[in-house]
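Each remark here refers to the structure printed beneath this line.
The values are calculated or read from the model by the stated rules, or taken from the named source; none is laboratory data. Everything quoted here is computed from the prediction, not taken from an experiment. Methodologically, a virtual Cβ is constructed for each residue, glycine included, from the backbone with ideal geometry; neighbour enumeration extends over all protein chains shown.
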Amino acid sequence: MKLHEYQSKDLLAKYGVAVPGGKVAENASEAKAIADEFGGKVVVKAQVLMGGRGKAGGVKLFGDSDSAATFTQELIGKRLVSIQNPDGMVVDKVLVGELVDIAEEYYLSVLLDRAEQKLVVMISKEGGVEIETVAEETPEAIVRLHVDPAWGVDDFEVRDAVQRAKIPAPAQRQMVAMIKGLVQVYLKEDADMIEINPVAWTPDGKLLAADAKVSIDENALYRHPEYNETKDDGAEHEIDAEASKLGIAYVNLGGDIGIMGNGAGLVMCSLDEVNRAGGRPANFLDVGGGANAERVKTCVGLVLMDENVKGLLINIFGGITRCDEVARGLLSAFAEMNVTIPVVARIEGTAAAEGLAILEGSQIVGAKSMQEAAAKVVELAYA
Ligand code: GDP
Ligand code: MN
């Protein structure tokens, strides 16, 4: 889950990483008050969870607090669109930060190298621009340092990597300290990505994280209740946000055939089959294990929040949970709801025949195979 820049910077500061001063504002008067604290010399930055804010017009430098406040007013409520995010995102807060005088811009990131089973720190003297461009045009300008999470980093390795990256000598000591800080944040805060672009080198010899993008491993979010609110604004769709609150794996796909199943792989197969049958999948939804009536009800409710949905495909493989229990769960869930669109359930696995027998005569059309179910739901929905 991506954190906002201001949250990322607060987190980095806790670990001693040097960041410019700044605070969040939600309106012009708050922005003015913060800008005044810095004598009006500030940068106002849209807090949206997307890259390329600078190019999208979401970052601007100011010399007086009134213009900073006016820009804040213009920015809040506006939708920013970038190459990385063509749908765009609406700004609801800005970071008003101390204006940093930048002499040079470097690049730092910490990622996971799955093949090596290690962290990888990427260091480049060519910051400020998109790192993909650097990687394409001058790949030798990016130096990689692998870090074993069990051992952490040794100073000499970091010093060596910083020298290989040709970071100018006066900045090297602070660069080493920043890298060590980022690795600490990564390991202790369950991050799965940290990117600082640019790392700013000031004319008076200070190294600061002028931008910060931290992403937290979603599987570790139960250890971080402090991010409960942020979880919602990262979502691109309101149903996605609701699902994330309920702890259900749902992704809106924009079509009109609702799909749910138990297990991510099974759901993905269902998407393919619906596609092959000529349908447009509305969503991905993994019901998870069990599939009891309460859970099914919550999931169906979520799928039907999408007004485009014309038909629903339920794909359940009964393993430990027997199909007759699943069928009873479905019936009792639907008994308490007023579902008016066609519903097809493919039930397979332990006690499949008993399960299908239970569905007979109900509003849920039973199907034995995924292909049959997909064809049926498409036929009924588009009839
Ligand atoms: P991004 O476009 O979303 O990555 O947003 P950034 O925070 O990286 O800002 C875009 C660009 O604005 C940076 O690459 C800098 O060149 C510039 N910038 C941001 N903050 C400052 C600042 O405090 N001082 C100066 N001089 N430039 C800044
Ligand atoms: Mn940036």
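Identify the residue in the range 239-279 that is hydroxyl-bearing (S, T, Y) and in a helix (DSSP H, G or I) and, among all such residues, is surrounded by the most Cβ atoms within 10 Å (Cβ to Cβ).
For the range 239-279, the residue satisfying everything is S270.
Would a scan of the range 111-132 turn up a residue that is at negative phi and assigned to a helix (DSSP H, G or I)?
yes
Tell me, yes or no, whether the range 93-107 has at least one residue that is loosely packed, with under 15 Cβ neighbours inside 10 Å and in contact (Cβ under 8 Å) with a residue 40 or more places away in the chain.
From the range 93-107, those loosely packed, with under 15 Cβ neighbours inside 10 Å are 101, 103; that's our starting set.
Checking the rest, the ones that are also in contact (Cβ under 8 Å) with a residue 40 or more places away in the chain come to 101, 103.
Yes, the range 93-107 contains at least one residue that is loosely packed, with under 15 Cβ neighbours inside 10 Å and in contact (Cβ under 8 Å) with a residue 40 or more places away in the chain.
Return the residues of the range 33-69 that are under 14 Å from G21 (Cβ atoms) and within 11 Å of ligand 2 (Cβ to nearest atom); say none if nothing qualifies.
K45
For the range 95-112, give me each residue that is within 27 Å of D190 (Cβ to Cβ) and within 13 Å of ligand 1 (Cβ to nearest atom).
Across the range 95-112, the qualifying residues are L95, G97, Y106, Y107, L108, S109.
D87 is checked against (1) more than 14 Å from ligand 2 (Cβ to nearest atom); (2) within 17 Å of K23 (Cβ to Cβ) and fails just one. What number does that condition carry?
(2)
Could you say whether any residue in the range 195-214 is in contact with a Lys or Arg (Cβ under 8 Å, 6 or more places away or on another chain), more than 16 Å from ligand 1 (Cβ to nearest atom) and farther than 16 Å from A13 by Cβ?
Taking every residue of the range 195-214 in turn, none turns out to be in contact with a Lys or Arg (Cβ under 8 Å, 6 or more places away or on another chain), more than 16 Å from ligand 1 (Cβ to nearest atom) and farther than 16 Å from A13 by Cβ.
Mind counting the residues in the range 193-220 that are surrounded by 17 or more Cβ atoms within 10 Å (Cβ to Cβ) and more than 16 Å from ligand 2 (Cβ to nearest atom)?
1
For residues in the range 338-348 being within 18 Å of A293 (Cβ to Cβ) and touching a helix residue (DSSP H, G or I) at 6+ places or on another chain (Cβ under 8 Å), which is surrounded by the fewest Cβ atoms within 10 Å (Cβ to Cβ)?
Looking at the filtered set, the residue picked out is V339.
How many of the residues in the range 280-299 are part of a loop (DSSP other than H, G, I, E, B) and at pLDDT 85 or above?
Initial filter on the range 280-299 (part of a loop (DSSP other than H, G, I, E, B)): 280, 282, 287-292.
Within this subset, residues satisfying the condition of being at pLDDT 85 or above are 280, 282, 287.
Looking only at that region, the number is 3.
Can you list the strands (runs of 3 or more DSSP E) found entirely within the range 307-383 that contain at least 2 residues being basic (K, R), assigned by TED's automatic domain parsing to the domain that holds V287 and out of contact with any strand residue (DSSP E or B) (no Cβ under 6 Å at 6 or more places or on another chain)? Steps first, answer last, please.
Working: elements: 311-318, 343-349, 364-367.
Correct list: empty, since no element meets the threshold.
For the range 160-174, check the following and say yes or no: at least one residue is charged (D, E, K, R) and in a strand (DSSP E or B).
No: zero hits.
Which of (1) without any contact (Cβ under 8 Å) to a residue 40 or more places away in the chain; (2) surrounded by fewer than 21 Cβ atoms within 10 Å (Cβ to Cβ); (3) aromatic (F, W, Y) does F62 not meet, given it meets every other one?
Failing condition for F62: (2).
Looking for whichever is surrounded by fewer than 17 Cβ atoms within 10 Å (Cβ to Cβ) and within 24 Å of L246 (Cβ to Cβ) here; the options are A335, A282, A327. Which one fits?
Details: A282 fails: surrounded by fewer than 17 Cβ atoms within 10 Å (Cβ to Cβ); A327 fails: surrounded by fewer than 17 Cβ atoms within 10 Å (Cβ to Cβ).
Result: A335 is the single residue among A335, A282, A327 that is surrounded by fewer than 17 Cβ atoms within 10 Å (Cβ to Cβ) and within 24 Å of L246 (Cβ to Cβ).
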